[in-house]
Amino acid sequence: MIAKPADYTWLVESVDGACLTYVHGLTPEEVIARRGGRPESFTPTSFWDMGGTVESGEPLGVTTIGDWVLTIESGGSGIAEEVIMPLSAGTRVVSHYFLSIKDLDHFYWIEDGELRFCFIAQEGYSEEVPDELVETMERIDALYPPLPTPHRGPMFLLAERLTGITLTPHLLEEPTYLGGAVPEPRSWTVPWPQRAGYGGNSPDR
């Protein structure tokens, strides 16, 4: 069942200004390595304490939910093209970043290096909606007013459809995470659809 709009209010308040990324079929150690980190340097931590002892690099928290690895990090480095595209090699990656005070929302679904669907701040959704998301987009249109800000619910419904995971306070806050640091991306360029209406070039963030 698709959640109603109010169901994710708590999530926006808990992780505003953060990037949540779901990676299918890998281990936490593999995800950390693909992000350029050293798995042996990551230590168990809680949702509320992750990043507290990181002295350099980008703090990253990693945990497992079923067949998925969930990563959480402050800021939007997780959606940088040089990060998210290699991370998706041979698998599915769903990632979203939002900063509600600026309505700075990004959402990506990537399959083995192929950008399948996205929302880019100030630009909107991909022009073509894959068959897998048609029903969910129709539900979003029915649940929300025209042009809803994705972090107010739509991006979480899309992630739920693509991963089968409905985040709850317990599911997000109760697991033990591996916490540590990964390198900052060299470029803040984000994946950019090469389609009419998107300008054809990736903006540097």
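Answer yes or no as to whether D131 is within 19 Å of T163 (Cα to Cα) and more than 18 Å from the chain's Cα centre (by Cα).
Spelling it out, D131 is indeed within 19 Å of T163 (Cα to Cα) and more than 18 Å from the chain's Cα centre (by Cα).
Would you check if there is a residue in the range 98-113 being in a loop (DSSP other than H, G, I, E, B) and on the phi < 0 side of the Ramachandran plot?
No, every residue in the range 98-113 fails to be in a loop (DSSP other than H, G, I, E, B) and on the phi < 0 side of the Ramachandran plot.
How many residues are more than 15 Å from the chain's Cα centre (by Cα) and not in a strand (DSSP E or B) when one looks only at the range 54-79?
6
Which members of the range 108-147 meet the condition of being in contact with a helix residue (DSSP H, G or I) (Cβ under 8 Å, 6 or more places away or on another chain), touching a residue at least 60 places away in the same chain (Cβ under 8 Å) and under 25 Å from E13 (Cβ atoms)?
Result: Y108, T136, R139, L143, Y144.
Name the residues in the range 115-127 that are modelled with pLDDT of 95 or more and not aromatic (F, W, Y), would you?
L115, R116, C118
Taking E184 and the conditions (1) closer than 19 Å to G78 by Cα; (2) surrounded by fewer than 22 Cβ atoms within 10 Å (Cβ to Cβ); (3) over 17 Å from the mean Cα position of the chain (by Cα), which numbered condition does it fall short on, given that it satisfies the others?
Unmet condition: (3).
How about the range 83-107: which of its residues are in contact with a helix residue (DSSP H, G or I) (Cβ under 6 Å, 6 or more places away or on another chain), surrounded by 17 or more Cβ atoms within 10 Å (Cβ to Cβ) and in contact (Cβ under 8 Å) with a residue 60 or more places away in the chain?
Of everything in the range 83-107, those that are in contact with a helix residue (DSSP H, G or I) (Cβ under 6 Å, 6 or more places away or on another chain), surrounded by 17 or more Cβ atoms within 10 Å (Cβ to Cβ) and in contact (Cβ under 8 Å) with a residue 60 or more places away in the chain turn out to be L87, V93, V94, S95, H96, Y97, F98, H106.
One residue is enough: does the range 91-101 have a residue meeting the conditions at pLDDT 95 or above and among the small types (G, A, S)?
Taking every residue of the range 91-101 in turn, at least one turns out to be at pLDDT 95 or above and among the small types (G, A, S).
If you scan the range 24-53, which residues turn out to be over 17 Å from T176 (Cα atoms) and in a strand (DSSP E or B)?
Matches in the range 24-53: H24 only.
Is one or more of the residues making up the range 62-82 farther than 18 Å from R161 by Cα, free of Cβ contacts under 8 Å to residues at least 40 places away in the same chain and among the charged types (D, E, K, R)?
Checked the range 62-82: no residue is farther than 18 Å from R161 by Cα, free of Cβ contacts under 8 Å to residues at least 40 places away in the same chain and among the charged types (D, E, K, R).
The values are calculated or read from the model by the stated rules, or taken from the named source; none is laboratory data. Just so you know, these numbers come straight off a predicted model, no measurement behind them. Cβ coordinates were reconstructed from backbone atoms using ideal geometry, including for glycine residues, and neighbour counts include every protein chain displayed.
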